[in-house]
Structures are given as structure tokens and as C-alpha cells.
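Read-outs throughout are calculated quantities, based only on the coordinates presented, and are distinct from any laboratory measurement. Remember, predicted model here, so these are calculated numbers, not experimental data. Neighbour counts are summed over all protein chains in view; Cβ atoms, including those assigned to glycine, are modelled from backbone coordinates with ideal geometry.
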Amino acid sequence: MQKFSAWSLLKEAFGGHQGWKSQWRRAEPKAEYDAIIVGGGGHGLGAAYYLAAEHGLTNIAVVEKGWIGGGNTGRNTTIIRSNYLFNESAHLYDHSLKMWKDLSQVLNYNVMFSPRGVMMLAHTVHDTQVIKRHVHANRGNGVDNEWLSPEEAKAFCPILNIEKNIRYPVLGAALQRRGGVARHDTVAWGYARAANALGVDIIENCEVTGIKRNAQGAIEGIDTSRGFIRTKKLGVSAAGNTSVVMGYAGIQLPLESYPLQALVSEPVKPLMPCVVMSNTIHAYMSQSDKGELVIGAGTDAYNSYTQRGALHISSHTLEAICELFPMVRRLKMLRNWGGIVDTTPDRSPIIAKTPVKGLYVNCGWGTGGFKATPGSAHVFAHTIAHDEPHPINAPFTLERFEEGNLIDEAAAAAVAH
Ligand code: FAD
Ligand code: PYC
């Protein structure tokens, strides 16, 4: 009879040397896969999961240059909503929002989705008109959104300052009750574990440094920091670095990379029941289950690949936050950090085939792709498996920038402009 020590049983139960968080196993690269995804964020791991779970492709790998969830997936402020203006976007983000609802059950992993409501504030007559337009457009698309008076907004979020004499008075707000937050890194871990259980290899510390194409120009494989790996299908989901990776295949993308930063306060007892965003003053806040106030700032004004933002950007945000929520003024900041987001000219993503046979790309989520993770991963997997877009991502092509069929999502996120 095989003997187990208490320690080995515990290690087995909680995922071996990788601890209780993950319960998936790191793989060594094989010589060849049927498909490879570049980027171990939520979008890449999710795509691998759906390729295996829904399209039967299990000889596949996710290659990640660092650790899974170490990019924007583990750095964002987790706002989830689908109140986008244009039909194409509303369909895409609502597809995702519906998937969030059941994601913990589907993955058998608690992603802590909490639909506590997302409120977007209007501070000027222009804001009011724009936000009301969103409310009507959303409702026309079957997406819930409602207009609140300042008093109704305060009733929903009692710590909100609705005094009339402040710099940014609240003239009203749009509320999407189905919106909310989730626990960011569990999304990476949940997809990784579920994909791994279906046979997907997850290879960390493996940076893609080149893409090889055959004589016909189709994908042949990737050069990585751990050697060459052969594949005929390559999905790139490497937020912030997508143009660099796609450049290895000779594809130029209309993307700019910027640092985007966020911070949390010291933890306090529950005081904020929902998410509040202000597009005008580039500030938004929610409270994590640990009690920290989660606060997001704007993008830096200059392109960069650094994972930290400029101090004056977060100072500006904090001034606005203290005016909107005076009771948080004396809280201390616990930590701050940044991520690199890549942004398209129309502030909408690209989820598409490319001119190179076997090469697919999922990028350009800018400041707002966390909420899209399940939906985006789902339609990206479809695109890779069928070599055809899913109807939901069909408009999000690369060609739209040549053809002029832009999805000019002017209010993509508070921080995108
Ligand atoms: P990532 O999680 O960044 O994954 C990409 C991975 O690719 C990384 O792990 C990276 O290491 C890897 N990679 C890159 N180059 C290579 C290479 N050469 N070889 C191998 N691997 C490579 N969105 C929202 O919806 N709501 C929010 O509230 C929100 N807040 C945000 C706040 C901040 C501060 C930031 C930075 C972003 C925020 N976002 C938000 C945006 C959101 O985080 C991203 O759009 C989303 O997480 C992107 O997920 P991803 O899987 O595509 O990218
Ligand atoms: O897309 O909702 C959003 C968002 C908020 C902060 C950053 N992105």
C-alpha cells in the first residue's frame, strides 16, 4: 500500500507546491501544440479554457512571460458593467456580464462576482445629456440602466457628497444594477485550473521572442525564452505588449500603450455599498471584500511600457475623491501600482483573424477589458477554433481601421480619455 504523509496529502489537496490558490500545475513546453495562446491573463487563459471545454482542442498551451495573472488581470480595479453606447459594444459586454453571473459555478472556483451596482455620475449639463443618452441606448439594447436624481444617488451610496457648492456637483447618475466587481486574480486562477484539468499546458516564465512563418506565410511556431515551439494556430492576448508580439509576425497594429494606475486605502469597515465612477473627473471608487477602498486614476499622458503611473495623476484623482466622499479624507493609502494598457483609436477592442494564416489577436481593451474577460475569451476561442469570428466579435476587426467602420465608443471608460 502506498504511504502518504499528512504533508503530502495536504499538498496534493491544495495543488502541490503551488499552494492553495491555484490548484493547477506548471508545465514544461512540449515540442508542438495544436494551438498556443500568448499571454496568461484572464483573456488568454479564458480562451484556452473555452478552446478545450467547447471546441475539444486540448493539445494546447498558454505561454506567459511572467506569472499568470501578473499583468492587467491582477492589477485592475475590477469594475464590471455593460452600459456601453453602441450596439456592437453593448452586445459584446453584455455577453460577458451574463457569463460573469455563472462563472464561479462553471469554473467551480469562486471569482467573487458581486453585482452591487455601478453608478456613473453626471457633473455638468453635457454629462447629463451624454449619460441619459447612454441610459436610453442601453435600454433599447435590453441592457439595464436607469437615471437617478442626486438624492436617489445618495440613497444608493450614502457617503456620496451631493452638496451643490462643490467643484464637481452631482447633477444625477446612471445606475446599472447588474454591474459590480469580482476578485481579479481568481479569474486567472479559476480559468487556469479549469483549463489545466482539461489538459491545457500552462507555461510560465516563457517569453515569446519571435514568430516563425512558413514559405506560404502561415504560422509555423514561436521562438521563446525556453526554445522553439511548433504550432499552426497562435492566439495573441498580450495586453500592453501586443504590438511588440504581433510585430514579430510582421503585423502593425493601431495601438498605443499607456500606464494606468490604481491604489487602495488602508482597510476599513464596510462603508461603500456599490461602485461609483465619475468620467468627468477621472475618479472611481469601490470597496473590496477586505475593506480597502479601491480607487482608480487616469492614464498617463505619455506612451510608456512601465507598470507604474505618474504621481500627479493619482494626486488629482485623490483630490476629486476627497471632495466626492469627504468621510474618506483621513484614510491612508496602503499601496499603489500600475499596469500597461493598449488602446485603439476608437477605444474598442480588436478580436479577430489577421492577414497571417493561423494568427489571431485579442487586444486594444485599453482601460476596460477586465469586465469583458469571459465574453471576450469565449468569442476569441470561437474565432480560433473556426477560423471565423463569432457573430458577437465580427465587428471588432482589424480592417475596420482601414475601412472606417469604427466603433467609436466615446465613453468606453472613465479613464480612457
Ligand atoms: P493581461 O492580464 O495584461 O495579460 C496579458 C499577459 O500577456 C500578461 O500577463 C503579460 O505578462 C503577457 N505577455 C506580454 N508579452 C508577452 C510575451 N512576449 N510573451 C509571453 N507573454 C507575454 N478593466 C475593467 O473592465 N474594469 C476596471 O475597473 C479596470 N480597471 C483597471 C485599472 C488598472 C490600474 C489597469 C491597469 C487596468 C484596468 N482595466 C479595467 C483594464 C483591464 O485590466 C484589462 O483590459 C484586462 O485585464 C486585460 O486582460 P488581458 O488578459 O488581456 O491582459
Ligand atoms: O471600464 O469601467 C471601466 C473602468 C473603470 C476603471 C477602469 N476601467
Self-check item: Antiparallel %, DSSP beta bridges [both residues in the chain], to 5
Solution: 70
Quiz item: Rounded to the nearest 20 Debye, what is the dipole magnitude of the range 66-126 about its Cα centre when Lys and Arg each give +1 and Asp and Glu each give -1 at the C-beta?
Solution: 160
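Length gain on complete extension for the stretch residue 30 to residue 59, per 0.36 nm per residue less the alpha carbon to alpha carbon distance?
Values: separation 29, 0.36 × 29 = 10.44 nm, distance 0.98 nm.
The residue 30-residue 59 span can extend by a further 9.5 nm.
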Quiz item: Each residue of the range 202-214 in turn: what ³J(HN,Hα) in whole Hz from Karplus with 6.51, -1.76, 1.60 and θ = phi - 60°, glycine and Pro shown as x?
Solution: 10, 10, 8, 6, 9, 8, 6, 10, x, 10, 9, 10, 7
Practice problem: Give the Cα extents of the range 181-322 along the principal axes, in whole Å, largest first. | Solution: 60, 39, 22
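How would 285, 120 line up from fewest to most surrounding beta-carbon atoms within 10 angstrom? The partial results should precede the final answer.
On the way: 285 25, 120 28.
Ascending Cβ contact count within 10 Å gives the list 285, 120.
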Quiz item: Which whole-number percent gives the relative contact order of the range 312-417, counting Cα pairs below 8 Å spaced six or more residues apart?
Solution: 27
Practice problem: Please list the non-local residues whose amide H lies under 5 Å from the amide H of residue 221, H modeled 1.01 Å from N, same-chain partners needing a gap of 5 or more. | Solution: 212, 231
Quiz item: If we count every other residue with Cβ under 12 angstrom of residue 254's Cβ, Lys/Arg +1 and Asp/Glu -1, where does the sum land?
Solution: -3
Self-check item: Percentage relative contact order, the chain, counting C-alpha pairs under 8 Å, at least six apart
Solution: 22
Exercise. Would you pull out the residues with amide H under 5 Å of residue 292's amide H, same chain only if 5 or more places away, H placed 1.01 Å from N?
Key: 268
Self-check item: Positive dipole terminus of the chain, leading residue within 280, 104, 305 (C-beta point charges)
Solution: 104
Self-check item: Cβ-based charge dipole, the range 327-417, positive-most Cα from 351, 328, 381
Solution: 328
Self-check item: Helix 311-324 vs. the chain, principal-axis angle (Cα, 0 to 90°, nearest 10)
Solution: 50
Quiz item: Under the rule of -39500 (n - 2.57) per DSSP H run of 4 or more residues, summed and divided by the residues of the chain, what mean residue ellipticity at 222 nm is obtained, to the nearest 500 deg cm²/dmol?
Solution: -8500 deg cm²/dmol
Quiz item: Counting only Cα, what are the radius of gyration and maximum Cα-Cα distance Dmax of the range 100-183, in Å?
Solution: 15.2, 49
Quiz item: Using bins 10 angstrom wide from zero, how does P(r) for the chain break down, in % of all Cα pairs?
Solution: 5, 23, 32, 24, 12, 4, 1, 0
Exercise. Could you work out the Rg to Rh ratio of the range 344-416, with Rh taken as the Kirkwood radius (inverse of the mean 1/r over all Cα pairs)?
Key: 0.95
Quiz prompt | Within the range 245-267, backbone nitrogen closer than 11 Å to the virtual label 7 Å beyond the Cα of residue 303 toward Cβ | solution = 253-258
Practice problem: Read phi for every residue in the range 72-82 and hand back ³J(HN,Hα) as whole Hz from Karplus 6.51 cos²θ - 1.76 cosθ + 1.60, θ = phi - 60°, with x for Gly and Pro. | Solution: 5, 4, x, 10, 9, 9, 6, 6, 10, 6, 9
Quiz item: Based on the Kirkwood radius over alpha-carbon pairs, what value in µm²/s does the Stokes-Einstein equation return for the translational diffusion coefficient of the range 135-215 at 10 °C and 1.306 mPa s?
Solution: 89
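Suppose every K and R has +1 on its Cβ and every D and E has -1 on its Cβ; what is the size of the dipole of the chain about the Cα centre, in Debye to the nearest 20?
Values: 40 positive and 37 negative charges, 221 e Å.
Its charge dipole is roughly 1060 debye.
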Quiz item: If you build a Gaussian network model of the chain, linking Cα atoms that sit under 10 Å apart, which residue out of 194, 320, 173 swings the most?
Solution: 320
Quiz prompt | Residue-by-residue Karplus 3J(HN,Hα) for the range 38-50, coefficients 6.51, -1.76, 1.60, Hz, glycine and proline x | solution = 9, x, x, x, x, 5, x, 5, x, 4, 5, 4, 5
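Figure the gain on full extension for residue 126 and residue 112 (residue separation times 0.36 nm, minus the Cα-Cα span) and round it to one decimal in nm. Before the final figure, lay out the partial values.
Working: separation 14, 0.36 × 14 = 5.04 nm, distance 3.54 nm.
Stretched fully, the residue 126-residue 112 segment lengthens by 1.5 nm.
I need 109, 93, 302 ordered by Cβ neighbour count within 10 Å, fewest first. Mind showing how you got there, number by number?
Working: 109 19, 93 25, 302 9.
Starting with the residue having the fewest Cβ neighbours, the order is 302, 109, 93.
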Self-check item: Long-range amide H partners of residue 202 with built H, under 5 Å
Solution: 27, 62
